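Colleague: Quick one: structure below, then a few questions.
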Amino acid sequence: MLYETITIRSFERGLRFVRGEFTDVLAPGRTRLWAWQRLWRKVRVQVVDLRANYLVDPQLDVIARSGALADIAEVVDLGDRERAFVTIDGRLDRVLTPGLTVVWTAFGDVRLERITVDEVRLDRSDLSAVLATYSGSQAVEQLLVPTRHVGLVYRDGELVEQLRPGRYGFWKDVARMTLLTLDLRETLLEVVGQELMTKDRVTLRVNATLTYRVADVVRLAAVADWSQSLYREAQLALRGSVGTRDLDGILADKAGFADELAGAVRARAGELGIQLISLGVRDVILPGDMKELLNKVTEARKAAEAAVITRREETAAMRSQANTARLLADNPTLMRMRELEVLERVARDSDLTVVLGEKGLSDQVLKLL
């Protein structure tokens, strides 16, 4: 064949290479490539599709710097602290990172936005669209702060920003970014009792419950393990408070005991950046032999109280009888009425018929009774 016909359509361009080096760009149409050109001059034409939006070629730097693409492409050469957003037909298409990129502009509405990354955080209203693209997810790190939390952002180990709940983006390969999230909701902490000794040498275990919330996020973030620190302070407060009270005082005044604990823990919690909401004593656990002894003491105490009540009732009954006897002795008529009530009760509760006539007969019946 003497020649080869190359057809370049309207949405295509031809890149001509001679002896392996780029020379020029061929416009849409037909081009004849003669056999001697291909054999002796090593001419070849590479047809590229402008709809692909980007030019990919091993000689991209040579092609871009030749100036032959001025009317049909945008050459973007980004430095280390530069980024670019490519929007095609109103839609974000790609996030460009440092390096050389050729974007075709002859086909479609192509817009470029170059920025510097002096600010590591990417503050854009279309952050979701940026992260939805593959290039965006590779260039931008996503940090998520959950609801009712606060986020502390550290840049190369230094606190730089506090974030409210939401999704945020930070440029990669600019600085080492770390996110620490803290829960702002009320949190419950169970303090499991250890073996403690009271003032009167009784060994027991006390379980307490703490309710707290984060008050100062910056101060709290400075503590390596603030939850463990709060737990340890609560245990120390338990040990100190139990050691200054006897067993009866603890059992009789749990509310006062809990208030004393809360006062001891609250000051230290404030230093950690924590607000103590409440502290309650849930359980006071005694050894088995101590339980048995307390049960016996309680039983003896109740028995003594029952005996006192019985004696009190007997005394009251005897006092009432004495008052009644004195009243009857001072009032013969009342005594007579009392006698008749007794006779009526006897007659009602038996088959005995009582007939009272003369005074002498009634006196004899009364003597019999």
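The values are calculated or read from the model by the stated rules, or taken from the named source; none is laboratory data. The structure displayed is predicted, hence computed values, not measured ones. Glycine gets a Cβ as well: all are built from the backbone with ideal geometry, and neighbour counts include every protein chain shown.
Colleague: Out of everything in the stretch 252-301 that is at pLDDT 85 or above and outside any helix (DSSP H, G or I), what residue ends up being surrounded by the most Cβ atoms within 10 Å (Cβ to Cβ)?
Modeller: Looking at residues that are at pLDDT 85 or above and outside any helix (DSSP H, G or I), I get Ile274.
Colleague: Output the residues belonging to the stretch 117-161 that are closer than 21 Å to Gly79 by Cβ and among the aliphatic types (A, V, I, L, M).
Modeller: Selection gives Val117, Val120, Leu122, Val130, Ala139, Val140.
Colleague: Please enumerate the residues belonging to the stretch 164-209 that are β-branched (Val, Ile, Thr), in contact (Cβ under 8 Å) with a residue 40 or more places away in the chain and not in a strand (DSSP E or B). Lay out the reasoning, then the answer.
Modeller: Going residue by residue through the stretch 164-209, those that are β-branched (Val, Ile, Thr) are 174, 178, 181, 187, 191-192, 198, 202-203, 206, 209.
Narrowing further to those that are in contact (Cβ under 8 Å) with a residue 40 or more places away in the chain: 174, 191, 198, 202-203, 206, 209.
The answer is Val174, Thr198, Val202.
Colleague: Is one or more of the residues making up the stretch 25-45 surrounded by fewer than 11 Cβ atoms within 10 Å (Cβ to Cβ), modelled with pLDDT under 95, over 60 Å from the mean Cα position of the chain (by Cα) and of a type in the set (S, T, N, Q)?
Modeller: Checked against the condition, which is being surrounded by fewer than 11 Cβ atoms within 10 Å (Cβ to Cβ), modelled with pLDDT under 95, over 60 Å from the mean Cα position of the chain (by Cα) and of a type in the set (S, T, N, Q), the stretch 25-45 yields no hits at all.
Colleague: Return the residue satisfying two criteria in turn: it lies in the stretch 1-24 and is touching a helix residue (DSSP H, G or I) at 6+ places or on another chain (Cβ under 6 Å) and within 22 Å of Asp71 (Cα to Cα), and of such residues it is surrounded by the most Cβ atoms within 10 Å (Cβ to Cβ). Please lay out each step first, then the result.
Modeller: In the first step, residues of the stretch 1-24 are kept if they are touching a helix residue (DSSP H, G or I) at 6+ places or on another chain (Cβ under 6 Å); the result is 2, 11, 22.
Filter once more, keeping what is within 22 Å of Asp71 (Cα to Cα): 11, 22.
On the way: Phe11: 15, Phe22: 19.
Filtering the stretch 1-24 for residues that are touching a helix residue (DSSP H, G or I) at 6+ places or on another chain (Cβ under 6 Å) and within 22 Å of Asp71 (Cα to Cα), the one surrounded by the most Cβ atoms within 10 Å (Cβ to Cβ) comes out as Phe22.
Colleague: While we're on this one: Does the stretch 219-251 hold any residues that are farther than 19 Å from Ala267 by Cβ and part of a helix (DSSP H, G or I), and which are they? Walk me through how you get there before you give the answer.
Modeller: Within the stretch 219-251, the first condition is being farther than 19 Å from Ala267 by Cβ, and the residues that meet it are 221, 224-225, 245-251.
Those that are farther than 19 Å from Ala267 by Cβ and part of a helix (DSSP H, G or I): Ala221, Leu247, Asp248, Gly249, Ile250, Leu251.
Okay, residues lined up against (1) surrounded by 18 or more Cβ atoms within 10 Å (Cβ to Cβ); (2) within 18 Å of the chain's Cα centre (by Cα); (3) β-branched (Val, Ile, Thr):
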| site | (1), (2), (3) |
| --- | --- |
| Leu210 | yes, yes, no |
| Val214 | yes, yes, yes |
| Glu233 | yes, no, no |
| Leu247 | yes, no, no |
| Ile250 | yes, no, yes |
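Colleague: Something else about it: What tally of residues in the stretch 127-159 results from selecting those that are surrounded by fewer than 14 Cβ atoms within 10 Å (Cβ to Cβ) and on the phi < 0 side of the Ramachandran plot? Outline the logic, then answer.
Modeller: Taking the stretch 127-159 as the starting set, the residues that turn out to be surrounded by fewer than 14 Cβ atoms within 10 Å (Cβ to Cβ) are 128, 132, 134, 138, 144, 146-148, 156-158.
If we keep only those that are on the phi < 0 side of the Ramachandran plot as well, we get 128, 132, 134, 138, 144, 146-147, 158.
Number of matching residues: 8.
Colleague: Any idea which of Thr31, Thr101 is among the polar types (S, T, N, Q) and in contact (Cβ under 8 Å) with a residue 40 or more places away in the chain? Can you show your working first?
Modeller: Details: Thr31 fails: in contact (Cβ under 8 Å) with a residue 40 or more places away in the chain.
After applying the criteria, what remains is Thr101.
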